[in-house]
Every structure is written in structure tokens, then in C-alpha cells.
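Notes for the one structure printed next.
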Amino acid sequence: MKRVVVESGLHDSAIRPQTLLSEFRRLSIEDAKSFFSDPKELVEVACPACDSDQCHEAFQKEGFHFQECEECKSVYVSPRPSKVALAHYYQESHATQYRVEHFQRETAEARRKYLLRALSNWLGRIVDEKGNAQSRTFVDMGSNSSVLFDEIQRLGLFDSSYAVNPLPGLDVELAKIGVTISQGGVSGAGAISALHQLENQFSPFDMVKAAGDMLAINGLFFFTTRTISGFDLQMLWDKAPYIFVPEHLNLLSVEGIDRLVHRAGLNIIELSTPGQLDLELTAQARKADPSIELPHFIEYLIEQRDELAHNDFQAYLQKHRLSSHVRVAAYRPEGIDA
Ligand SMILES: [Zn+2]
């Protein structure tokens, strides 16, 4: 299995400017209170990664209970809003509207430059080397902007593109670049992407299974998510300011993600954590919230050592799959039921 080390000069402020992130977070927390206020409508779940029901409470945040799985160390919200309640939220909330109209639009070019172009090239390379050359359909699940399609179309590997269950408000810009919107599903896809979707799903298993069902044999599923195995989340734990419900219901561990993908019948080609921001995010959170206590070694590393030491430390996290930004490439083998 591949492990990669990446450095592109990315800084958190380029893709998540503080003012936009704070407003999105404020709206999400406010909306969560009004959409998910009735505790009777919350559902208890087993570990969304490995399905174990052995867990203990990790922490509480904004009234939601985060559990830690005894088996795979994934952290997840249980009880959680039902599938129906979440679908309603993503159609109707102010937070979703803000995300599409401000957050994604205003950071679109930075995301293209630092994230989506590299991600598309990575996807294209794996499709080229290991994909099903006969299947030239590309699908993105839960799209929140048109920029990814733009970049994927440049690869010249696909004849048709679909956005499955995109966020509302994207119809015009997706139609403009020839992307078909599907609320159900597509079959025989050559490649499917789901960027930062796993963390907000009621059931990550259902999402990976749905992707598998849409793929052609040897078709590829690419996804990114945030993992609790990552340095910044392990350091900041409940104090991570960018973790909130319902955007982050599932913070699966690297081991949990591996088990999840296999349970859903796909085979993993790559499971890596090429994140570049763990140390920066930890330092930023510490600066903004003096009540956060970091181990002396980490304080010392952040305060006293230079950029080279910081970059080397981040490279170590990438190499050993200890960054919180994870990406996975998996394929559909012969013999699983559609
Ligand atoms: Zn588990």
C-alpha cells in the first residue's frame, strides 16, 4: 500500500479563511440546535467503521456525545440525527446555503490551486494505471462546487460526468460545464469521488457500498476525509475548533477506514495521509484558545524551532499516516453483487 509525502506551500488561511470558517461554524452550530433539538429523534449507532458496539464516551461537544470505539479507536457521534433529519438539514439549513454561496465560491481558486488540481492529477494517474479503460463515466458524490469537475474534465479520461446528490444551488454552474445531476445513482462508473463526505454521513458503510454499486468492475473509488488518527486531532481532541456537528459525525481512525472499505467489498490501492496542516492547525488553535494545553515537547517544537523542523515533522506525520487529512483509492473487484 502506498504512503506519500507531499509539500505544496499550502496554508490553512488560503482554503479556510478564519472569517468564513467562523461564520460557517456559527451557522452550523445554530442550525444543528434547531434541526436536531428533539433527543427522541436521535439514533444510537455502533462504530461506523468496524461495526463494534464496544465504546466509551470520548467527549461532549455542543450537547452531542462523541464515542471512541474500543476496537479501532474511531471517534463518532452517538446518538446522532437520523438519515432523514440529516437529508433535510443539507437541503434546508442556512449553513449549507452559506457553504455553497460564500465558503466554496470565495475559496474556489485557492482550493483549485492547492488541493483540487493535485487531487485530480492523483486520481487521473491511478485511473490511467489501474482503472477500467472501457468505462469513461466520472461521478462525484455530494458535490459542493463545480471546480472539481472542471479539473477532472481537463484530464481527458472521461466522456460523461455526474454529480450524485450535490448540495442545492449548483444546478446552473454544473449544467454549464455539462455535468448531469442525479439524485439516485449511476451504473458502470469508471471513477467516483467523494471529497470530505464520509465524516458527515449517517452511515459511512452505506456510502462506500453505494459507491461500489455504481462502479464498473475495476472501477475506482476515491475519497478524502478527516481522521482521528491525525496529529492535530489527537493533540486538540475535543478542543479542535473546526470539529462540529453535523459536519463531523464520523472521525474514523486509519485502521477503521481500512476495515470499513473491506467490509463494503472494495479493495484498497492507497490509504495515505498527505495532509500538510497538522502542526499549523495545532499551533493556531493553541494561540486562539489559551486553555488548550499541549505537551511540553510540542510547545517547544512550535515555539523554538524553525520551518525546516516543522516541515520535517509534518513529513514524518505524512509518511506514517499520522496526519488528519486522509485519502483513499479503492477498486471494485470481480464478484461483489451490484
Ligand atoms: Zn470501530
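Based on every Cα atom in the chain, Rg and the maximum pairwise Cα distance Dmax equal 19.2, 56 Å. Spin-label pair A118-S37: with each label point 7 Å from Cα along the Cα-Cβ axis, the two points sit 4.3 nm from one another. Calculate the translational D of region 247-322 in whole µm² s⁻¹ from Stokes-Einstein, where the hydrodynamic radius comes from the Kirkwood formula applied to all Cα pairs, the temperature is 4 °C and the viscosity 1.567 mPa s. Translational D for this selection: 88 µm²/s. In terms of its C-alpha gyration tensor, region 82-122 comes out oblate, because a/c is 1.5 or above while a/b does not outweigh b/c. Sequence-distant contacts, meaning Cα pairs under 8 Å at least 6 residues apart, place the relative contact order of the chain at 22 percent.
Once the Cα-Cα distance is subtracted from the 0.36 nm per residue extended length, the E293 to R263 segment shows a gain of 7.0 nm. For region 144-155, putting each phi into the Karplus relation 6.51 cos²θ - 1.76 cosθ + 1.60 with θ = phi - 60° gives couplings of 10, 6, 9, 4, 4, 4, 3, 5, 5, 4, 4, 5 Hz, in residue order, rounded to whole numbers and with x for Gly and Pro. The relative contact order of region 79-231 comes to 24 percent, based on Cα pairs under 8 Å that sit 6 or more residues apart. Each 10 Å bin from zero holds the following percent of Cα-Cα pairs in region 136-288: 10, 36, 33, 18, 3. Mean residue ellipticity, 222 nm, helices only, the chain: the sum of -39500 (n - 2.57) across DSSP H runs of n ≥ 4, divided by residue count and rounded to 500, is -11000 deg cm²/dmol. Peptides 25-32, 289-296, ordered by how many other C-beta atoms sit within 10 Å of their residues on average, highest first, read 25-32, 289-296.
Basic side chains Lys and Arg get +1 at the Cβ, acidic Asp and Glu get -1 at the Cβ, and with that the dipole of region 18-150 about its Cα centre reaches some 620 debye. Whole Å is fine, so just give me how far the alpha carbon centre of region 15-54 lies from that of region 293-328. What the calculation gives is 27 Å, centre to centre. Sorting 309-320, 246-257, 33-44 by average packing, meaning the other beta carbons within 10 Å per residue, from highest down gives 246-257, 309-320, 33-44. Considering only G178, G142, T224, the residue lying farthest towards the positive end of the dipole of the chain is G178, judged by Cα position with unit charges set on Cβ. When Rg and the Kirkwood radius Rh are both evaluated on Cα atoms of region 1-138, their ratio Rg/Rh stands at 1.04. Using θ = phi - 60° in the Karplus curve 6.51 cos²θ - 1.76 cosθ + 1.60, the 3J(HN,Hα) couplings for region 91-106 round to 7, 10, 6, 5, 4, 5, 4, 5, 4, 5, 7, 10, 3, 5, 5, 6 Hz; x is entered for Gly and Pro.
Taking every DSSP bridge with both residues inside the chain, close to 55 percent are antiparallel. Sequence neighbours fewer than 8 away in the same chain don't count; with that in mind, list the lysines whose C-alpha is under 17 Å from K209. Hits, sequence-local ones excluded: K83.
Per residue, the average separation of C-alpha pairs within less than 8 Å and at least 6 apart gives region 14-167 a relative contact order of 20 percent. Phi angles of region 311-319 translate, via the Karplus equation with coefficients 6.51, -1.76, 1.60 and θ = phi - 60°, into HN-Hα couplings of 5, 5, 5, 5, 5, 4, 4, 5, 4 Hz per residue; Gly and Pro are given as x.
On the beta carbon distance between F313 and I177, with R0 = 45 Å, the FRET formula returns roughly 0.65. Amide H contacts under 5 Å for V139: Y162, A191, I192, S193, restricted to partners 5 or more places along the chain or on a different chain, H placed in the peptide plane at 1.01 Å from N. Measuring between their Cα centroids, region 122-187 and region 68-111 lie 21 Å from each other. The charge dipole of the chain, taken about its Cα centre with unit charges on the Cβ atoms of Lys, Arg (+1), Asp and Glu (-1) only, comes to about 700 debye.
Read-outs: derived from the displayed coordinates by stated rules, not from any lab. All values derive from a computational prediction rather than experimental measurement. FYI the Cβ positions are ideal-geometry reconstructions off the backbone, even for glycines, and counts take in every protein chain you see.
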